[in-house]
Amino acid sequence: MRRKVRHLLLAVMADLLLLVVLIYMIVSGCFKTAVETGMIAVKKSEMASDKPDITLQEGIGYEEKVVALTFDDGPHAIYTKELLDGLKARGVEATFFLMGSSVEGNEDLIRQMEEDGHLIGNHGYRHIQMTTAGIPAVRESVEKTGRMIKGITGIEPEYLRPPYGDWNEELAETMELTPVFWSVDSLDWKYQNTSQITNRVLKKVGNGDIILMHDIFPTSVEAALEIVDTLLAQGYTFVTADELIID
């Protein structure tokens, strides 16, 4: 009798031991999976942070190569006109951040921008350092430019390109416009050489990028159209900057 009880106890202990092992394996497997999932999430987050100012909106897939051309400091009576005509011939839309001091006398160019489907943004009245100019001066500069643009197009800009990309939390809390920065700087103002500008941009550009250029130099216009031709041939679609950011 005692022998049967002992055998029964040994069998129960063996079953309990097996159950413990199985539970351990299951728990270990789940834990490992969770760890692996966490690692993947971290890697995706790190990849996304490479371009912190740009997040593709829902509806534009990463399979589709998209890029935005943006131009500051214009309009220029001669070079902006050449650029607008070149973009229209190619069926390409871009974004123009206008400087208020350049608006007068170029009203027809601004109307053409609107008619051709380009996005018109605000660049302030003059090239001021917004973080040091003081909120009242910044508001005056931006609001004056906004009124000028609205007087021509009937639409007040919603987007602002801070000169030099100069921005801080105080401005973000005060200004009602959405700031737009960039991920590829052409340095066209520095080079003023068509080949150098073109090569720099094409070397750096990728899907989802916002390219910074200026439409006040002839070399910038020539480079921009060369860049457009090359990227179109590579299967890129050009969109306005608002399509690449989430407010």
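A short reminder: the numbers here are calculations on the coordinates, not readings from a lab. Everything numeric here is computed off the predicted structure, so don't read it as measured data. Backbone-built Cβ (ideal geometry, glycine too); neighbour counts: all protein chains shown.
Points worth noting:
- Annotation for ALA233 and THR178: the two label points, set 7 Å from Cα along the Cα-Cβ direction, are 3.4 nm apart.
- Between amide H atoms placed 1.01 Å from N, distances below 5 Å from LEU160 occur with ASN122, THR178, VAL180, all of them 5 or more places distant or on a separate chain.
- Each part gets one Cα centre, and for the range 156-221 versus the range 66-128 those centres are 13 Å apart.
- Cross-link pairs beyond the 32 Å C-alpha cut-off, checked among LYS65/LYS88; LYS81/LYS203; LYS144/LYS204; LYS88/LYS203: LYS144/LYS204
- Here the Karplus relation 6.51 cos²θ - 1.76 cosθ + 1.60, evaluated at θ = phi - 60°, turns the backbone of the range 168-178 into coupling constants of 8, 5, 4, 5, 4, 7, 9, 7, 8, 8, 8 Hz, with x for every Gly and Pro.
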